[in-house]
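Engineer: Pasting a structure below so you can have a look.
The values are calculated or read from the model by the stated rules, or taken from the named source; none is laboratory data. What you see is a predicted model; the values in this text were computed from it and never measured. Cβ atoms come from the backbone with ideal geometry, glycine included; neighbour counts cover every protein chain shown. For accessibility, only protein heavy atoms count, side chains too; no ligands or nucleic acids. Shrake-Rupley method; radii C 1.70, N 1.55, O 1.52, S 1.80 Å.
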Amino acid sequence: MTAMGGLEFRRGMHELGRGTWAYLSPPGTWGWSNCGLLVSGRDALLVDTQFDLPLTRDLLAAVAALRPDVQIRTVVTTHANGDHCWGNQLINGVEIIGSAACGHGMGEEVQPAELAALSGHGSPGTPLGDYMRRHFGGFDFTGIEVTPPTRTFSGRLDVAVGDRRIELLEVGPAHTDGDVIVHVPDAGVVYAGDILFIGGHPIMWTGPVQNWIAACDRITATGAERIVPGHGPVTDPSGVAEFRGYLEWVAERAEKAYASGLPYWEAGDPSAIPPAYARWGNPERLVITMATAYRYLGDPAHDLMEVLAHTAEGEAKLRAR
Ligand SMILES: [Zn+2]
């Protein structure tokens, strides 16, 4: 799979220009998240770590191989989902920056041991157990000590890296409670975290969808030409526009389906997805997004395991087709 500017969707570091890199993790599905690297002089800033310790060691080895002359002094955690921060403990003595809401969220997420139990060999022989084993069973959740930000902020924070200045913009709640994007003005680069999924259906854990649409507009307003999503290949403003269109469709679908009395899992049935997005991966995740969208329309909050069970059933139906 190729993306804009001939940047291949291949595992590892990809130069974006002016001392910026994307660390890409195909296939970009559950847990396979991208990171970013920014260098100025001998200082480096890392955007996000990986889902587990072995994958984060690979990331750090890639940084060391690429730029043995630099030291990571800052880590930005874009949000609280484990696939973006469960490697934080491996980078010692650095400042870890995230939004205050992200800091709170990290303790409230499903924890590594719970996720290991849900996706390991002993997990239940249900559609949900099967789903969790297939999507999460390949990661190694041992030894992880969830390590929250050491410095938190709300709104906006400008950070110096060597003699450069970058902007951390809190755009959540959207995907999660405290989503942050990283704008590197002098390179025309944005690291979007999970505000952007390219080639796969996003998951709206928190919402509201209108905030997420506004977050897309904030990315576009930076004028950046190279945008690194949390999952999938590097994109440009056209990729953001397409993703924004999907969110608008979600908002409309949720409103109509809720008004007509459909339960959220039927609103999120993958068969409802328009052809424009039919090739995106993990279409069953629309069920999670709809459960969240429904909450803002008046539906009660649903238990996470219930929502995931409907998600797994949606995928099982698709696989049986
Ligand atoms: Zn993610």
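Engineer: Within segment 53-67, track down each residue that is of a type outside the set (Lys, Arg) and away from the ligand (no atom under 13 Å from the Cβ).
Structural biologist: Correct list: 53, 54, 56, 58, 59, 60, 61, 62, 63, 64, 65, 66.
Engineer: Taking the criterion of being part of a strand (DSSP E or B), under 16 Å from residue 235 (Cβ atoms) and more than 16 Å from the ligand (Cβ to nearest atom), would at least one residue in segment 68-84 satisfy it?
Structural biologist: Checked segment 68-84: no residue is part of a strand (DSSP E or B), under 16 Å from residue 235 (Cβ atoms) and more than 16 Å from the ligand (Cβ to nearest atom).
Engineer: If a residue must be under 18 Å from residue 41 (Cα atoms) and without any contact (Cβ under 8 Å) to a residue 40 or more places away in the chain, how many such residues does segment 66-93 contain?
Structural biologist: Within segment 66-93, residues that are under 18 Å from residue 41 (Cα atoms) and without any contact (Cβ under 8 Å) to a residue 40 or more places away in the chain number 7.
Engineer: Looking at (1) crowded, with 24+ Cβ neighbours inside 10 Å; (2) modelled with pLDDT under 95; (3) among the charged types (D, E, K, R), find the lone condition where residue 163 falls short.
Structural biologist: Answer for residue 163: the failing condition is (1).
Engineer: Here is a follow-up. Quick test of your reading of the structure: residue 115 fulfils all but one of (1) out of contact with any Pro (no Cβ under 8 Å at 6 or more places or on another chain); (2) open to solvent by less than 10 Å² (accessible area, probe 1.4 Å); (3) within 16 Å of the ligand (Cβ to nearest atom). Name the failing condition by number.
Structural biologist: (2)
Engineer: When you scan segment 186-230, how many residues do you find that are acidic (Asp, Glu) and either under 18 Å from residue 7 (Cα atoms) or surrounded by 23 or more Cβ atoms within 10 Å (Cβ to Cβ) (or both)?
Structural biologist: Summing the residues that are acidic (Asp, Glu) and either under 18 Å from residue 7 (Cα atoms) or surrounded by 23 or more Cβ atoms within 10 Å (Cβ to Cβ) (or both) in segment 186-230 gives 2.
Engineer: Let me ask something else about it. For segment 127-232, please list each of the strands (runs of 3 or more DSSP E) lying entirely inside it that holds at least 2 residues being within 16 Å of the ligand (Cβ to nearest atom).
Structural biologist: Answer list for segment 127-232: 180-184, 189-197, 226-231.
Engineer: Then there is this: Search segment 5-18 for residues being closer than 25 Å to residue 165 by Cα and among the charged types (D, E, K, R), and hand back the single one that is nearest to the ligand (Cβ to nearest atom).
Structural biologist: 15
Engineer: Cβ-Cβ under 6 Å, sequence separation 6+ or interchain: first residue in segment 199-226 and within 22 Å of residue 22 (Cα to Cα) and of a type in the set (Val, Ile, Thr), partner outside any helix (DSSP H, G or I) and open to solvent by 10 Å² or more (accessible area, probe 1.4 Å). Which pairs?
Structural biologist: These pairs meet every condition: 222/183.
For every residue, the table says whether it meets (1) buried (at least 17 other Cβ atoms within 10 Å of the Cβ); (2) over 16 Å from the mean Cα position of the chain (by Cα); (3) closer than 18 Å to residue 189 by Cβ.
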position: 42; (1), (2), (3): no, yes, no
position: 46; (1), (2), (3): yes, no, yes
position: 54; (1), (2), (3): no, yes, no
position: 64; (1), (2), (3): no, yes, no
position: 70; (1), (2), (3): yes, yes, yes
position: 83; (1), (2), (3): yes, no, no
position: 100; (1), (2), (3): no, yes, no
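Engineer: When you scan segment 243-321 for helices (runs of 4 or more DSSP H) that lie fully inside it, which ones turn up with 2 or more residues that are in contact (Cβ under 8 Å) with a residue 40 or more places away in the chain and under 26 Å from residue 193 (Cβ atoms)?
Structural biologist: 286-297, 304-320
Engineer: When segment 19-40 is examined, which residues are found to be closer than 16 Å to residue 184 by Cα and within 13 Å of the ligand (Cβ to nearest atom)?
Structural biologist: Scanning segment 19-40 gives a single hit, 35.
Engineer: Which ones in segment 104-155 are without any contact (Cβ under 8 Å) to a residue 12 or more places away in the chain and among the charged types (D, E, K, R)?
Structural biologist: 114, 134
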